Amino acid sequence: MKNIDSDKHLRGESLYLDDLPTLQGSLHAMVFASPTAHGLLQKLELEEARKSCGVWGILTARDIPGENQIGNIIPDEPLFAEKEIHYRGQPIALILAESREAARQARQKIKVEIEEFPAVTTAEEAFEKGMFITEPRTFTMGDVDRAFAKCAHVFEGKTFTNGQEHLYLETQAAYAIPAEGDQIKIISSTQGPSQVQKAAAQVLGLPMHKIEVEVIRLGGGFGGKEDQATPWAVMAALGAQLSRRPVKLVLSRSDDLLMTGKRHPYSARFKIGLDENLKILAYEARFLQNAGAAADLSPAVAERTLFHATNSYFVKNARLSVYSCRTHLPPNTAFRGFGGPQGMFVMEAAIALAAQKLKIEARHIQQANLLQEGDRFPYGQRAEQALARKSWETAYLHYKADDLCRKAEDFNKKHEYIKKGVAFMPICFGISFTNTPMNQARALVHVYRDGSVGISTGAVEMGQGVNTKMLQVAASCFSIQPERIKIETTNTTRVANTSPSAASATSDLNGKALLKACEQIKKRLLKTAAKELKTNPQKISLQNECVLIDKKDSGLRWEELVQTALLQRVSLSETAHYATPKIRFDKKREKGRPFSYHVYGTAIITAKVDGLRGTYQIESVQIAHDFGKSMNTAIDLGQVEGGLVQGLGWMCMEELAYDKNGRLLSNALSTYKIPDLFSVPERIEVVPLEDEGHEAAILKSKAVGEPPLMYGIGAYFAILNAMRAFQSDLEPFFNAPMTPEKVLTGLLKKQVKNKPLHVEKRQIG
Ligand code: LUZ
Ligand code: MOS
């Protein structure tokens, strides 16, 4: 079934927040933010701006009736800065005006004096200075020191992975509308409606039931709206509360880039020990996470880094620790993969370094250490239905990997200035929020008397196709035409206390709740049909809008059945709750079974590097992916392709840059390069693993949102392998993204020392 939004998207008819008609009397809000990364606010002059044409008013921390606090995991984040300034782009005031333009002009008239202090922008510096968000975390398994002593080979190194801008097409946005009495309705572009509701209640000083949060759909989230849609929604709500007028706040792209947090940059050190047979006996890694100026979701992101630090390998002895370092950057936040990719990169770097030093290919080390059934992860969970080896073998055979590698070698022999590199990237990603209580969801189903169906869940549609999947769940349960079903907006008055749509778990959690609700209604309908047809319910089934008795058409249609049920006063509505079974985690022991299941896969990436220019192409990415029993191959394939390309962008070209004063230099699309049509791989192939699926996945169709992003990590190592083809003794470096600039300087390091390039031979291809 194709995505139910695709026609509307194509025609530009899908409604996003800023497409909603603006109500008469609406005010437009704009944020005034700190121009300085670290300091003390000495003076804020608002008078001239307040007198500016069309300004209703300017709000600061003093206007907040409740608490000036929006921190989620840790209450360490004010909505508006009061005295201390912690990052450049930190909101200080909110301008409310009759138009965006009036707000913008007023913003230019605000004057601020800040006593400036030096800014800390890197995790290393914060670590040296002891600036942390929380206590460090350490996962250990086995006896690491003893194991290292027994290793035939031990290698040490360090890595850096830069952050990543979410670049959702739709910027952060909210529209708050005062309702009767002191109630507020907030329309928000958020992945977490209940989080917006909770924070708004806290800031406005109202109980949660007075705040209704509504989400239509998002123009992309990628984690950037899991926690960080909240401040804008709360500001709009505060504006509406104080002005009693509707307030719309839509960030401009440049404000969004400047004020919001991104994927966490990580600096890490590692030590890896192997025996003669390339078995990894011991692995140690220390991760420094650049959390930015407030906790946001950083502690949870840091935890997920540890969960994924050994990727899809079995490492008997491991010691993994993470420090969440406080810097003067905007608070970094959730981003597709949520710290997992950062952990996996370091493991792959360790293997690449070992391979280089041992003068072998990394794939031999990778292959020798893939997880097998029953192997333990460092956090205590055992691999069940482990598909690490199967996905590797499937990719290997299906894409004829031996030929592929041989062809690349042949190519490299024939070409002096262009070389190819092949890398393998196995992935293993744990499905469930690592914070166990978040793994719950609810659904509300109404069957209307005309046989049409309305469905509400906590799932937020952000382009990932969750609404289509929800529709499929209901359509298959009732066996009715998809056209009969409408997926309602996500709204806190219909489905309460939702977890954010995140962690790749949205379809599983909400789909399972929805299925339960549908099954309850179906059970009542079957009973009604049995009574009507004078038989027993066990003989009744629904198929293609018909009621069957013993699999034969009874003549009774879906619509008639629904009407009969209504006349017999049978309830046609249901709500259901789902909580993921069998998951737990003990944070004291750092052991448990945090994940409902794991998603596996293997990608083979081929890169072609121009050694004179440093430029490269990703020629092909060939993937064997564990979809389980995919319930929608078009949507799932879209997730794999999109995730992969986003991962490639992170690894190859998206280069976030802050100066030492915490000023974002990559502050526009002219200075921040994301993958476009010309830089995506020439060929992306995906083959599904033959797989039964998993009981904990909705209709056995495994979670697919985040895992494929991590295939992109392989691109870094494919490029590095091509560089190795230029120089067999290349000193590998692990400093992502691997921009063409780094490729060139990486190759030049040695060329400059030894022989200069033969300029007359600059004939390519
Ligand atoms: N969000 C969250 C996530 O709050 N907890 C998680 O474990 C998670 N994992 C992936 C993406 N978002
Ligand atoms: Mo996410 S990183 O699943 O919001």
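The values are calculated or read from the model by the stated rules, or taken from the named source; none is laboratory data. A quick note: this is a predicted structure, and the numbers were derived from the prediction, not measured. Neighbour counts are summed over all protein chains in view; Cβ atoms, including those assigned to glycine, are modelled from backbone coordinates with ideal geometry. Surface areas here come from the heavy atoms of the whole protein model, side chains and all, with no ligands, DNA or RNA. Shrake-Rupley method; radii C 1.70, N 1.55, O 1.52, S 1.80 Å.
General observations
- Here residue 528 clears all of (1) out of contact with any Asp or Glu (no Cβ under 9 Å at 6 or more places or on another chain); (2) under 30 Å from residue 462 (Cβ atoms); (3) among the polar types (S, T, N, Q) except the condition numbered (2).
- For the stretch 161-210, a residue qualifies if it is within 14 Å of residue 235 (Cβ to Cβ), open to solvent by less than 10 Å² (accessible area, probe 1.4 Å) and polar (S, T, N, Q), and the qualifying residues are 172, 188, 189, 190.
- The requirement of being closer than 23 Å to residue 187 by Cα, assigned to a helix (DSSP H, G or I), touching a strand residue (DSSP E or B) at 6+ places or on another chain (Cβ under 7 Å) and at pLDDT 95 or above is not satisfied by residue 412.
Here is a yes/no grid of residues against (1) within 30 Å of residue 737 (Cα to Cα); (2) touching a residue at least 40 places away in the same chain (Cβ under 8 Å); (3) within 22 Å of the chain's Cα centre (by Cα):
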{"site": "219", "(1), (2), (3)": "yes, yes, yes"}
{"site": "223", "(1), (2), (3)": "yes, yes, yes"}
{"site": "230", "(1), (2), (3)": "yes, yes, yes"}
{"site": "237", "(1), (2), (3)": "no, yes, no"}
{"site": "263", "(1), (2), (3)": "yes, yes, yes"}
{"site": "271", "(1), (2), (3)": "yes, yes, no"}
{"site": "278", "(1), (2), (3)": "yes, yes, no"}
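- Taken over the stretch 394-403, residues that are of a type outside the set (Ser, Thr, Tyr) and either crowded, with 17+ Cβ neighbours inside 10 Å or modelled with pLDDT under 95 (or both) amount to 2.
- Evaluating residue 1 against the criteria (1) open to solvent by less than 30 Å² (accessible area, probe 1.4 Å); (2) not in a strand (DSSP E or B) leaves one unmet condition, (1).
- Only a single item in (1) under 21 Å from residue 430 (Cα atoms); (2) assigned to a loop (DSSP other than H, G, I, E, B) is not met by residue 708, and it is number (2).
- In this entry, residue 686 passes the filter for residues that are assigned to a strand (DSSP E or B) and open to solvent by 10 Å² or more (accessible area, probe 1.4 Å).
- Single match in 395, 408, 401 (criterion: under 27 Å from residue 339 (Cα atoms) and more than 16 Å from ligand 2 (Cβ to nearest atom)): 395
- If the condition is being out of contact with any strand residue (DSSP E or B) (no Cβ under 9 Å at 6 or more places or on another chain), open to solvent by less than 20 Å² (accessible area, probe 1.4 Å) and charged (D, E, K, R), then the stretch 221-255 contributes 226, 227.
- Qualifying residues in the stretch 280-306 (those that are farther than 19 Å from residue 74 by Cα and open to solvent by 10 Å² or more (accessible area, probe 1.4 Å)) - the one nearest to the chain's Cα centre (by Cα): 286
- Residue match in the stretch 637-649 (condition: in a strand (DSSP E or B), at pLDDT 95 or above and surrounded by fewer than 21 Cβ atoms within 10 Å (Cβ to Cβ)): no
- Residues of the stretch 397-424 that turn out to be farther than 16 Å from residue 726 by Cα and touching a Lys or Arg at 6+ places or on another chain (Cβ under 7 Å), as a count: 1
Okay, residues lined up against (1) within 16 Å of ligand 1 (Cβ to nearest atom); (2) under 29 Å from residue 222 (Cβ atoms):
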| position | (1), (2) |
| --- | --- |
| 319 | no, no |
| 325 | no, yes |
| 329 | no, yes |
| 333 | yes, yes |
| 338 | yes, yes |
| 344 | yes, yes |
| 348 | no, yes |
| 352 | no, yes |
| 364 | no, no |
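- Going through (1) within 16 Å of ligand 2 (Cβ to nearest atom); (2) over 22 Å from residue 79 (Cβ atoms); (3) of a type in the set (Lys, Arg) one by one, residue 150 falls short only on (1).
- Filtered by the rule that a residue be basic (Lys, Arg) and either in contact with a Cys (Cβ under 8 Å, 6 or more places away or on another chain) or outside any strand (DSSP E or B) (or both), the stretch 27-56 gives 50, 51.
- Residue that is surrounded by the fewest Cβ atoms within 10 Å (Cβ to Cβ) [pool: residues in the stretch 441-451 that are away from ligand 2 (no atom under 16 Å from the Cβ) and not charged (D, E, K, R)]: 448
- Scope the stretch 391-442; condition under 29 Å from the mean Cα position of the chain (by Cα) and of a type in the set (S, T, N, Q); matching residues: 391, 394, 432, 434, 435, 436, 439, 440
- Residues of the stretch 705-719 classified as open to solvent by 10 Å² or more (accessible area, probe 1.4 Å) and either aliphatic (A, V, I, L, M) or away from ligand 2 (no atom under 16 Å from the Cβ) (or both), total: 1
- Here is the figure for the stretch 213-239: residues that are farther than 26 Å from residue 264 by Cα and within 16 Å of ligand 1 (Cβ to nearest atom) total 0.
- Within the stretch 485-493, one or more residues are within 16 Å of ligand 2 (Cβ to nearest atom), out of contact with any Leu (no Cβ under 8 Å at 6 or more places or on another chain) and within 30 Å of residue 216 (Cα to Cα).
- The set of residues in the stretch 330-373 that are open to solvent by 10 Å² or more (accessible area, probe 1.4 Å) and either within 30 Å of residue 33 (Cα to Cα) or within 14 Å of ligand 2 (Cβ to nearest atom) (or both) comprises 336, 338.
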